[in-house]
Amino acid sequence: MEAVRPVPGSGAGKPGWQSRVVRVTPLSGSAYEVELERPAGFHFAAGQHLRLFVGDDGRDYSLASPPSAETLRLLVRRIEGGAVSPALVGLPPGAPLSFSGPHGVFALRPSARAVILAATGVGIAPFLSMARAGASGFTLLHGVRAADELFYRRELEPAAARYVPCLSRQSSPGCFSGRLTAWAGAELAAGTARDFYLCGNRRMVRDLTLLADERFPGSRVYTEIFF
Amino acid sequence: MNVGTGDKGVTSLLTGERVPKSHIRVEACGELDELGSVLGALAAWLDAGQDAVRREIGWIQEQLLHIGAWVAGGPRAPSADAVDVLERSAELMEKGLPPLQGFLLPGGHPSAAWAHVARTVCRRAERRVAAVPSPEALPFLNRLSTYLYALARSSNHLHGVPETQWKP
């Protein structure tokens, strides 16, 4: 059989944008903020993510910048032995980098229901983007191990109607001692339907989704899994 | 990705709605998933001389994922350009084939037999998607059936396997 026709590439998973590193800033422990130049013509919605490439390996990272920002900021957890993150956080200013995107549909939808945002670790990135874009009035749950991982707390707390930092391995004034899911199980009483936006590890996403089903029937649940 | 939120028979659409797994949109997505898998089985039977078709099937599988996202309530409608690609590819394949004399019995070379299976699964997916309804997704599925019929015939022709006419 002859070749029928070259198929158009979808471009979905392939690098399409060229950029350079502006700076890499350590946040705490294994977390870093990676700031990139924003290529001309690149547009995104708050909550969407990029696929960054180091060599042939690509990984998804949510944008923490608002759509109007001049640069692109990502929160990156350095994973020991990982194919992308150790190299990524080691890049010097000016290093070239390619990415595809924007990807995903994890964006705030217009709604009359109360909004609950929940993140673990660097899963806070899309909510940071949303808050920086002007979102407010939501309940924000952020689960981390220790208080120094509550990145951008000062920025997020004023935007939220209620901000609940949860520390799984530490006690600190003003923070819940325990997992985010433990706080939700104890404090979120059954009620009317809400909009849940969940971004983080799969256990948190699973437990809060099931809690939404049980206590808030008719809720909408939007999820983004971080590893 | 399975995170265990569906153990009680409920799942999420891309609209955020939590719906039973018997929901018509979930059913349609399942049919599209099955179609993508059958296309993978078909691709596994293509030989070295059919690399272009293999690439094209990979592209079709990507389009089916886009369509599935749309059927599940995603924000981006399937591309009309993709329909044109399928149509032209089917026409190119048909050009090298003898004219149809009537109905054919599905079968022949394994790649052709799988193309027929894919075609029938495609028609079922089309019916489920039509019931959603999700009209923007239908032209691609309709043309894909035509494409798969042409591919089945073309594959038998390439391998020297005669077509079996239906003799009512």
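A few notes on this one:
- In region A:111-152, the residue that is farthest from A:Leu211 (Cα to Cα) out of those that are in contact with a helix residue (DSSP H, G or I) (Cβ under 9 Å, 6 or more places away or on another chain) and surrounded by fewer than 18 Cβ atoms within 10 Å (Cβ to Cβ) is A:Gly134.
- Only one of B:Ala82, B:Ala137, B:Ala69 that is out of contact with any strand residue (DSSP E or B) (no Cβ under 9 Å at 6 or more places or on another chain) and either over 30 Å from A:Pro102 (Cβ atoms) or surrounded by fewer than 18 Cβ atoms within 10 Å (Cβ to Cβ) (or both): B:Ala69
- Note on region A:179-209: among residues that are among the charged types (D, E, K, R) and within 17 Å of A:Arg220 (Cα to Cα), the one that is nearest to the other protein chains (Cβ to nearest Cβ) is A:Arg206.
- Residues being surrounded by fewer than 21 Cβ atoms within 10 Å (Cβ to Cβ), under 14 Å from the mean Cα position of the chain (by Cα) and within 14 Å of another protein chain (Cβ to nearest Cβ) - total across region B:39-64: 6
- Test: residue in region A:119-127 that is at pLDDT 95 or above and closer than 18 Å to A:Arg38 by Cβ: yes
- Test: residue in region B:20-38 that is surrounded by 18 or more Cβ atoms within 10 Å (Cβ to Cβ), of a type outside the set (Val, Ile, Thr) and within 13 Å of another protein chain (Cβ to nearest Cβ): no
- Tally, over region B:129-153, of residues that are under 30 Å from B:Gly49 (Cβ atoms) and either at pLDDT below 95 or hydrophobic (A, V, I, L, M, F, W, C) (or both): 7
- Restricting the first member to region B:125-138 and to residues that are over 9 Å from B:Arg25 (Cα atoms), and the second to residues that are aromatic (Phe, Trp, Tyr) and in a helix (DSSP H, G or I), the beta-carbon pairs closer than 6 Å and six or more apart or on different chains are B:Ala137/B:Trp70.
- The set of residues in region B:46-77 being without any contact (Cβ under 8 Å) to a residue 40 or more places away in the chain and either among the aromatic types (Phe, Trp, Tyr) or touching a Ser or Thr at 6+ places or on another chain (Cβ under 8 Å) (or both) consists of B:Glu56, B:Trp59, B:Glu62, B:His66.
- Here A:Pro92 fits the description: out of contact with any Phe, Trp or Tyr (no Cβ under 9 Å at 6 or more places or on another chain) and either assigned by TED's automatic domain parsing to the domain that holds A:Val164 or more than 27 Å from A:Ala146 (Cβ to Cβ) (or both).
- For region B:141-168, a residue qualifies if it is outside any helix (DSSP H, G or I), on the phi < 0 side of the Ramachandran plot and either within 13 Å of another protein chain (Cβ to nearest Cβ) or of a type outside the set (Lys, Arg) (or both), and the qualifying residues are B:His159, B:Val161, B:Pro162, B:Glu163, B:Thr164, B:Gln165, B:Trp166, B:Pro168.
Listed here are the residues, each with its yes/no results for (1) in contact (Cβ under 8 Å) with a residue 40 or more places away in the chain; (2) touching a Phe, Trp or Tyr at 6+ places or on another chain (Cβ under 9 Å).
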| site | (1), (2) |
| --- | --- |
| B:Ser79 | no, yes |
| B:Val83 | yes, yes |
| B:Met93 | yes, yes |
| B:Pro99 | no, no |
| B:Ser111 | yes, yes |
| B:Val117 | yes, no |
| B:Val121 | yes, no |
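- Of all residues in region A:44-66, those that are surrounded by fewer than 17 Cβ atoms within 10 Å (Cβ to Cβ) and either at pLDDT 95 or above or of a type in the set (Asp, Glu) (or both) total 2.
The values are calculated or read from the model by the stated rules, or taken from the named source; none is laboratory data. Not measured: the values here are computed from a predicted model. Note: ideal-geometry Cβ built from the backbone for every residue, glycine included; neighbour counts use all protein chains shown.
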